[in-house]
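The values are calculated or read from the model by the stated rules, or taken from the named source; none is laboratory data. Every value quoted in this text rests on a predicted model; they were computed, and no experiment measured them. In this analysis, Cβ positions are derived from the backbone assuming ideal geometry, glycine residues included, and neighbour counts consider all displayed protein chains.
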Amino acid sequence: MEFGQILNKFTNNSWIIISAVILFFLAKAFTGYLTFKHYNRKFKNIEKKLEELLRK
């Protein structure tokens, strides 16, 4: 193989790798956001119940 072919193959693979990394972290951030919203809602419900119990 020539050096140019090796370099061309590496640059093509690097773009694929970079794209995969970006997609992975976007998906990870999105699932983290959904998880945060889910548990934040549950904690608010628990906080409301505690406030009701403390009032009684």
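Results, tabulated for the structure shown:
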{"read-out": "Criterion: at negative phi and exposed (fewer than 10 other Cβ atoms within 10 Å of the Cβ) - qualifying residue of Leu7, Leu23, Leu53", "value": "Leu53"}
{"read-out": "Residue match in region 42-49 (condition: part of a helix (DSSP H, G or I), over 27 Å from the mean Cα position of the chain (by Cα) and among the β-branched types (Val, Ile, Thr))", "value": "no"}
{"read-out": "Single condition Tyr33 does not satisfy, out of (1) at pLDDT 95 or above; (2) loosely packed, with under 10 Cβ neighbours inside 10 Å", "value": "(2)"}
